[in-house]
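Encoded as structure tokens, the structure appears first; notes follow it.
The values are calculated or read from the model by the stated rules, or taken from the named source; none is laboratory data. Keep in mind it's a predicted model, so treat the numbers as computed, not measured. Cβ placement follows ideal geometry from the backbone for every residue including glycine, while neighbour counts extend to all protein chains displayed. We work out accessible area using only protein heavy atoms, side chains counted, and drop any ligands, DNA or RNA first. Shrake-Rupley method; radii C 1.70, N 1.55, O 1.52, S 1.80 Å.
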Amino acid sequence: MKLTDSISQMIMIRHGLARAGWLALGLAASATAAVDLVPRSFAAGSFVTETVNGRTVWTTTNPTFTLGFQVPADFVFTPGETVCVEIEYLDDGSGRMVAEYDSSLGDTTADKYRDAEIHTRSSRVGTGGFVNSFQVFESPRFARRQTGSCDFRIKISSGDGTPLRVAAVRITDGLFGDARLQYAASRPWLGGYSGPTLPSFDNDTLDGKIMVGYQGWFRTPNDWNDKGWTHWITGQQPGISTIHVDMWPYLDGVSTNSLYRAGDIMTRNGHPAYLFSSTDQEIVRRHFRWMRKHNIDGAYLQRFVNKGNSGAYGNPEFVLQHVREAANLEGRIWAIEYDISSLETNSTTTRAERFDIIANDWKWLVDEARLLDDPRYARQDGKPVVFIWGFSVADRDFTPAEADQIVSFFKNDPVYGGNYLIGGGPNKWRTKPEWHAHYRLYDEYLAWMQRDSAALAADKAQLDAWGMQHLPHIWPGFSWHNLQQFLPFQQYTDRAGGQFYWDRIHNALSLGSTQLFAGMFDEYDEGTAIMPMSDDPPLPYSGWGHFLDNGGNDPEWYLRLTGAAKSVMQGTLPLSSVLPAAADLPPPGFSGPVLAIEPAAGPTGVGLALKQPADGTVQTTNLNGRACIVNNLRPGAAAYIYFAIDDASVFASANGQEAAIELECLASTPYALKLQYDALGGNYALAPSVALTGTNGWVAVRWTVDDAYFGNRQNGPSDFRLAVPAGQRLYLRSTTVAFPAEEESPIVAGLR
């Protein structure tokens, strides 16, 4: 059967979410009628008038020339307040259209030629039709200080030589009514997350969790960032020789709205090649749904902060917005990880500015983005988690004293400090005694790509001696031929079908590690991603290059191995150095709609309710600082905990319903926990029992079934129950039921 949208509706109703689309964000369309403009002709802005596709256009006489405009004297606007320009242009050739305006911010050249703060659909991708771009000028002065006595100009950057052809330009105070423009201009990352939250497990500890590093740095033309290609290719001209990554993304099921044509690149099988942008909501949600499906607890969002890449300096934060939204909707946790490589001294950043840049960024995240109000932001020991990576790496030009200043701010600042700090650095960190005092400022530490088991053990021993937590890094292999233009197989670590990754997992868990960092989730550039890759990449460039494939495994193989590592950590899968066979791995969860309940918070959750018939009464308690329920004992008899699924989601499935039932629980002593569910073959069908050790703390337990009836035929009435042996206790914090995804959208030909 198909599950309807009732589940999502229940989530929204439960949390009081009143959101009616992008246009309900408090942004009005333009306050006055738009004014049509015509360009001025001057030496570097000459143009001719042509007819193209039945439209009259202004065409620059040189591809490097600009079209310059004066704002009429009778155009009413308030200097320093937002105006918006709509540009209708011909989408032929390539290159990004840039709009620069005369601003009220000062008298430097940069002030007179300031880039539009917000813009949409600015890249030419060769569709051959007319398209509309919106450019927002937030601080206009319009004193005609540009060349040719212009107030603003438009030009093509990184193009292929095709001149700019524009059919119309309009200006208005305020904003035009375009929905995409309105959403971008609303800066949805401000003010904190206020949407629904899936209550799957607490965010108050990293213990027993596997977290991934999430780069979120892939960009495409006309995505939400709207600045062209980043990370997928070198430059702005897609071609086999400009590809930047050694893994091609697996895009089955991604809607066409989130696919971007990779120029004229074709795959090995002759299909048009597509890529995704990390700024798209659907993409980030899909990534976090994969994490939920494979029992990965959450992500550290990599943050390469500088003046050009921080909301503190007015820059867009779509990835930040989508990550925290996806973490809440998929019941994952997340935290910020600063990579200090972005703070290198260069033409735009002085050595003296670096502390202020990162400190201002954190202050902005706390004050403006309200990051610490997020119910899914990770905490440890009652403190918000912050990960800082890169100090003491050989090519980072920080001294220990400069690094100490930054770390001390996050730890000790009276307003913005008090954080739980994780540090990360090179695998030779122990051989740098001049940095040892700095390392000890952190609460825990990660050595990057420490592959030798003896060195890994020595890392842990040193950190144990300092009273610090050891965070092992696990990764599936390494490859950066296209990034570095290497011939195969230079600086390459073979994945060996997953054995290399499993060796890293085995080495770490053999030390008794209670946390793992999988790095990275989406790092296609260096071939360390555990995210699915395609077996149909383009052919590599003949002069260098290489593409990885799945080696005959399922595209989600490395996600499955990561989920298996979680099962080993929790004692529900034995630790072995032998790579598990696919059939021996715990079944993945489902990536479709999900119901959830935290029964200690009340008897009704999101589409799921706790029932208490006579043989299934419970009490609310607190164990190790975590609110939960526990079964009441029944003398000489098993006790049960019952749950009912909302009938609007599933009721009496005559064909059998697939479902994944998952718990976050803790056993009082070792015993076998049983699940009994209302199935086609009987009211109390028995799923395979799960051995709980009673010694490994809170664990996630998952069952998958394919023959559920869910007709409320158990006591309560209910749809499934947990059977606890006589005399035993089960402490239960959360219960979720996930269903398979409905039919997913196929990839179809088309251009973005």
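For this structure, a couple of remarks:
- Screening Arg268, Arg285 for residues that are open to solvent by 10 Å² or more (accessible area, probe 1.4 Å) and either at pLDDT below 95 or assigned to a loop (DSSP other than H, G, I, E, B) (or both) leaves exactly one candidate, Arg268.
- The residues of segment 101-138 that are of a type in the set (Ser, Thr, Tyr) and out of contact with any helix residue (DSSP H, G or I) (no Cβ under 9 Å at 6 or more places or on another chain), listed by number, are Thr108, Thr109, Tyr113, Ser122, Ser123, Thr127, Ser133.
- Within segment 273-282, considering residues that are open to solvent by less than 50 Å² (accessible area, probe 1.4 Å) and of a type outside the set (Asp, Glu), the one farthest from Leu539 (Cα to Cα): Thr279
- Residues of segment 449-459 that turn out to be open to solvent by less than 60 Å² (accessible area, probe 1.4 Å) and within 19 Å of Trp502 (Cα to Cα), as a count: 5
- Screening Ser158 on (1) modelled with pLDDT of 95 or more; (2) touching a strand residue (DSSP E or B) at 6+ places or on another chain (Cβ under 8 Å); (3) among the polar types (S, T, N, Q) shows it passes everything except condition (1).
- Screening Ala637, Ala659 for residues that are open to solvent by less than 60 Å² (accessible area, probe 1.4 Å), of a type in the set (A, V, I, L, M) and either modelled with pLDDT under 90 or in contact with a strand residue (DSSP E or B) (Cβ under 8 Å, 6 or more places away or on another chain) (or both) leaves exactly one candidate, Ala659.
- Counting only strands (runs of 3 or more DSSP E) that sit completely within segment 86-154, those holding 1 or more residues that are within 22 Å of Pro72 (Cα to Cα) and open to solvent by less than 10 Å² (accessible area, probe 1.4 Å) correspond to 95-101, 130-137.
- If the condition is being of a type in the set (Asp, Glu) and in contact with a Gly (Cβ under 8 Å, 6 or more places away or on another chain), then segment 578-633 contributes only Glu598.
- All of (1) surrounded by 24 or more Cβ atoms within 10 Å (Cβ to Cβ); (2) closer than 26 Å to Ser342 by Cβ; (3) not aromatic (Phe, Trp, Tyr) hold for Gly192 with one exception: (1).
- When Phe391 is tested against (1) open to solvent by less than 60 Å² (accessible area, probe 1.4 Å); (2) over 21 Å from the mean Cα position of the chain (by Cα); (3) within 30 Å of Pro199 (Cβ to Cβ), exactly one condition is not met: (3).
- Qualifying positions in segment 494-531 - in contact (Cβ under 8 Å) with a residue 40 or more places away in the chain, over 17 Å from Ile210 (Cβ atoms) and part of a loop (DSSP other than H, G, I, E, B): Arg495, Tyr524, Asp525, Glu526, Gly527
- Flag for Gly253 being among the small types (Gly, Ala, Ser), within 18 Å of the chain's Cα centre (by Cα) and either under 17 Å from Ser534 (Cβ atoms) or at pLDDT below 95 (or both): yes
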